[in-house]
Amino acid sequence: MHRAVLLSTAAAAVAATVAPVHAGPAPADAGRVAVATLTFHFTHGRTLSFDLRAGALSGGNTLRVIAQRCSSAGSCDPGTSAYQSALSPAALTIDPNTATADLRTTIAGHALHVRWQPDGTNTAQVGGFEAQGGSLSTSGSEYEGSPALTTVDLDGRTCRGTGGVGTGAFIDTASATGSPDDAPLSELHVPGTAPISC
């Protein structure tokens, strides 16, 4: 059974480290990270939320999606599921100095386009940390930076919301343990017709 934690704060930047159960530091890849949220709405008030974390890292572009289901009463599953895959060099651009980014890719056969623009009305630092882990390995991500206004287009369904762009890192001990805690994006279930919000 895997343990999972998903934390965010808009009041202050979060500095976090992941401590694996084996000796030695966890492998990490740092760079610029852009974060947005996409929520699918089903009948009877149920939802499925994707925390989208796009990283322009030293090892290449990567998209990490953290999925969580919630009931109509607002209670959410305590566990989350992580999906992560490399992106082509042209799929993601992140400005090195401002909260501006652009992501164009396909996830599980669905066209995804996310745009980030600086939120001029909000100057508070934003940040977040999430981790998936068990007794053998840990994977996760963290970022801190500036607030951004987001526009998400999924197969022509569009929504607008808020997110962030800044510096961050993706952490994964699978190379040391052989036990990954995330699945490839191709295994992500993306609802094809459910209404979305950001």
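Taken together, the values in this text are just the output of simple stated rules run on the coordinates, not laboratory data. Quantities reported herein were computed from a predicted structural model and do not represent experimental measurements. Cβ atoms come from the backbone with ideal geometry, glycine included; neighbour counts cover every protein chain shown.
Structural remarks
- Within-11-Å neighbourhood charge of Ser197 [Cβ basis; K, R +1; D, E -1]: +2
- Net charge of neighbours whose Cβ lies under 10 Å from the Cβ of Thr150, counting Lys and Arg as +1 and Asp and Glu as -1: +1
- Each peptide among 57-65, 187-195 gets the average number of other Cβ atoms lying within 10 Å of its residues, and from highest to lowest they stand as 57-65, 187-195.
- What the phi angles of region 40-53 give under the Karplus curve with 6.51, -1.76 and 1.60, with θ = phi - 60°, is a coupling list of 9, 10, 10, 5, 6, x, 6, 9, 10, 10, 10, 8, 8, 10 Hz, glycine and proline written as x.
- Calculated P(r) of region 29-143 - Cα pairs past 23 Å, %: 36 percent
- For Ala148, distant residues with modelled amide H under 5 Å away: Asp119, Gly163, Gly164, Val165
- Database remark: amide H of Leu87 closer than 5 angstrom to the amide H of Asn61, Thr62, Leu63 (H placed geometrically; neighbours at sequence offset of 5 or more, or on other chains; Pro and chain starts carry no H).
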